[in-house]
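Q: Sending over a structure as structure tokens; questions will come in a sec.
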There are 2 protein chains.
Amino acid sequence: MTIEQEDQKRAEIFKTLSDENRLKMIRILYKSQREMTCGEVGNELSISKSTVSYHFKALRSVQLTNTRREAQSKFLSLNLETFAKYLPGFLDSL
Amino acid sequence: MTIEQEDQKRAEIFKTLSDENRLKMIRILYKSQREMTCGEVGNELSISKSTVSYHFKALRSVQLTNTRREAQSKFLSLNLETFAKYLPGFLDSL
DNA sequence: TCAGTATTTCGACAACAATAGAACAACAAA
DNA sequence: TTTGTTGTTCTATTGTTGTCGAAATACTGA
């Protein structure tokens, strides 16, 4: 991976983290120490479900979260490898 | 500082870091291990000087850099405290 | 198969961000 | 005082982002 590509990836990750609602989602997931459904996380934020889905897609697309389907629900969890690689120490600072 | 305010600050810093040109500026400053003038840093990027100035203002406004005037020039340096507080380990990952 | 629940996609819109060029301000050195 | 250098501000333009509601999709369970 060239430096250019690394910077592009880094910039994407920072962009994804530059929204307060997405930061809140990450904190909720981190503090809960378990998988949570989209609905569960969304209920703690005062935004519409389509907006929640939009943010989840953003987090997923830069590998900050993992998704696992079970029945109608989708379970979310943090992708700790990505945090470790690009943001060492960040989660603990939350 | 409330969690709300902390998140706002964090989001601002991440937004500032979510631009490839600003990431390059930070890397240039970090690798050089010294103060550099705006022009010096700007010369390494293929953007206009007004855009460079715009980015410098952005970095300054979230305390990621310090500025020191000397004659016509302004010297830039990284504000290591801010990096340490919000992005421990980030600079070394560059 | 049908009704119900969970999530995503679409279409629209307002707000914001990155960019360049021109004009401007601050200072230095002839 | 004039000229040159360095950096900032202004104006305009173009592209991107976050948001919602409505419609669509995916799946479950009766």
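The values are calculated or read from the model by the stated rules, or taken from the named source; none is laboratory data. What you see is a predicted model; the values in this text were computed from it and never measured. Positions of Cβ are backbone-derived with ideal geometry, glycine not excepted, and every protein chain shown enters the neighbour counts. For the accessible areas, the whole protein counts, side chains as well, though only heavy atoms, and no ligand, DNA or RNA atoms are used. Shrake-Rupley method; radii C 1.70, N 1.55, O 1.52, S 1.80 Å.
Q: Can you tell me which residues in the stretch B:7-30 are more than 24 Å from A:L23 (Cα to Cα) and either free of Cβ contacts under 8 Å to residues at least 60 places away in the same chain or aromatic (F, W, Y) (or both)? Full working, then the answer.
A: Of the stretch B:7-30, the ones more than 24 Å from A:L23 (Cα to Cα) are B:24-25, B:27-30.
Selection gives B:K24, B:M25, B:I28, B:L29, B:Y30.
Q: Could you check A:Q63 against (1) more than 23 Å from B:I13 (Cβ to Cβ); (2) under 13 Å from the mean Cα position of the chain (by Cα); (3) open to solvent by 40 Å² or more (accessible area, probe 1.4 Å) and say which number it fails?
A: Unmet for A:Q63, out of (1) more than 23 Å from B:I13 (Cβ to Cβ); (2) under 13 Å from the mean Cα position of the chain (by Cα); (3) open to solvent by 40 Å² or more (accessible area, probe 1.4 Å): (1).
Q: Being at pLDDT below 95, within 12 Å of DNA strand C (Cβ to nearest atom) and not charged (D, E, K, R) is the requirement here; does B:S46 meet it?
A: Working: at pLDDT below 95: yes; within 12 Å of DNA strand C (Cβ to nearest atom): yes; not charged (D, E, K, R): yes.
Judged against the criteria, B:S46 is a match.
Q: When the residues of the stretch B:15-52 are filtered to those that are touching a helix residue (DSSP H, G or I) at 6+ places or on another chain (Cβ under 7 Å) and within 10 Å of DNA strand D (Cβ to nearest atom), which remaining residue is nearest to the other protein chains (Cβ to nearest Cβ)?
A: Looking at residues that are touching a helix residue (DSSP H, G or I) at 6+ places or on another chain (Cβ under 7 Å) and within 10 Å of DNA strand D (Cβ to nearest atom), I get B:S18.
Q: Starting from residues that are within 16 Å of DNA strand C (Cβ to nearest atom) and either in a loop (DSSP other than H, G, I, E, B) or modelled with pLDDT under 95 (or both), keep the ones in the stretch A:70-94 and report whichever is nearest to B:T2 (Cα to Cα).
A: Only one residue fits best here, namely A:N79.
Q: Can you pull out every residue in the stretch A:66-80 that is among the hydroxyl-bearing types (S, T, Y) and either within 14 Å of A:E12 (Cα to Cα) or open to solvent by 40 Å² or more (accessible area, probe 1.4 Å) (or both)? So that I can check it myself, show each step before the final result.
A: Here is the first cut: in the stretch A:66-80, the residues among the hydroxyl-bearing types (S, T, Y) are A:67, A:73, A:77.
Across the stretch A:66-80, the qualifying residues are A:T67, A:S73.
Q: Also, quick follow-up: If B:G42 satisfies all but one of (1) under 25 Å from A:L23 (Cβ atoms); (2) touching a Lys or Arg at 6+ places or on another chain (Cβ under 8 Å); (3) free of Cβ contacts under 8 Å to residues at least 12 places away in the same chain, what's the number of the condition it fails?
A: Failed condition: (1).
Q: Restricted to the stretch B:58-69, and to residues that are outside any helix (DSSP H, G or I) and touching a helix residue (DSSP H, G or I) at 6+ places or on another chain (Cβ under 9 Å), which residue is nearest to DNA strand C (Cβ to nearest atom)?
A: Here is the first cut: in the stretch B:58-69, the residues outside any helix (DSSP H, G or I) are B:62-69.
Checking the rest, the ones that are also touching a helix residue (DSSP H, G or I) at 6+ places or on another chain (Cβ under 9 Å) come to B:62-67.
On the way: B:V62: 11, B:Q63: 16, B:L64: 13, B:T65: 15, B:N66: 17, B:T67: 13 Å.
Only one residue tops the list, namely B:V62.
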